[in-house]
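The values are calculated or read from the model by the stated rules, or taken from the named source; none is laboratory data. The structure presented is a predicted model; accordingly, all values stated were derived computationally and were not measured. Backbone-built Cβ (ideal geometry, glycine too); neighbour counts: all protein chains shown.
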Amino acid sequence: MQLDTREFRAEAKFQRVSPQKARLVLDLIKGRGVEEALNTVAFTKKSVAPLVEKVLRSALQNANYLSQEQGLDVDVDSLYVKSAIANEGPRMKRIRPAPMGRAYRYQRRLAHIVISVAERKQDGLVQTVDAEASAAAKPAKKKAPVKKAAAKKTATKKPAAKKSPAKKAAKK
């Protein structure tokens, strides 16, 4: 049974990076502990990594601040990255000069980066590990292969629709 865990989040809106490039870094830290995620982002060579680190640190500070304000018992060491999302923001339309007096249009993409952290419960962690171990211990059932000849026999074709005599007469 999973107990309700409090979720703390931080957002960075209208960032000058495409969401696709931001997702490359965010996928590296999903599900990791906060300390491990900070180390991963610190050594990532993508240009969006410092921005992701800033948002992650902000989410961590939000957790720390709100736990003190509301009197919650949050262990900062047991926090993990619950979700890390890069949504698409508005696009900026720009024009690039082209040969012979023409112009090419292009778009600068913006991203909204949202990171939420939550506290990982130890008893819940043990249950999920036990469930995974029991699922791995069970042998997989084998399905009987379907023969192609049998599959062709079962498939039936619909008869073609017959043309009405009025349509045949109209064509002549």
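General remarks:
Quick grid of which residues meet (1) closer than 15 Å to A12 by Cα; (2) not hydroxyl-bearing (S, T, Y):
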| residue | (1), (2) |
| --- | --- |
| L24 | no, yes |
| K30 | no, yes |
| Q68 | no, yes |
| L72 | no, yes |
| S83 | yes, no |
| K93 | no, yes |
| A103 | no, yes |
| Y106 | no, no |
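- Entry remark, the stretch 1-22: residues being surrounded by fewer than 18 Cβ atoms within 10 Å (Cβ to Cβ) and assigned to a helix (DSSP H, G or I) number 2 in total.
- Condition check for E119: among the acidic types (D, E) and modelled with pLDDT of 95 or more: no
Per-residue answers, yes or no, for (1) modelled with pLDDT of 95 or more; (2) touching a Phe, Trp or Tyr at 6+ places or on another chain (Cβ under 6 Å); (3) of a type in the set (A, V, I, L, M, F, W, C):
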| position | (1), (2), (3) |
| --- | --- |
| A37 | yes, no, yes |
| V52 | yes, no, yes |
| R57 | yes, no, no |
| L72 | no, no, yes |
| A86 | yes, no, yes |
| R96 | yes, yes, no |
| Y106 | yes, no, no |
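- Subset tally (residues that are more than 17 Å from R120 (Cβ to Cβ) and either of a type outside the set (D, E) or out of contact with any helix residue (DSSP H, G or I) (no Cβ under 6 Å at 6 or more places or on another chain) (or both)) for the stretch 50-61: 8
- Selection within the stretch 33-75: residues that are among the polar types (S, T, N, Q) and part of a helix (DSSP H, G or I). The member of this set that is surrounded by the fewest Cβ atoms within 10 Å (Cβ to Cβ) is Q68.
- Within the stretch 17-46, being closer than 15 Å to R57 by Cα, touching an Asp or Glu at 6+ places or on another chain (Cβ under 9 Å) and not aliphatic (A, V, I, L, M) holds for G33, E35.
- Selection from the stretch 77-110 of residues that are of a type outside the set (G, A, S), under 22 Å from G31 (Cβ atoms) and touching a helix residue (DSSP H, G or I) at 6+ places or on another chain (Cβ under 6 Å): L79, V81
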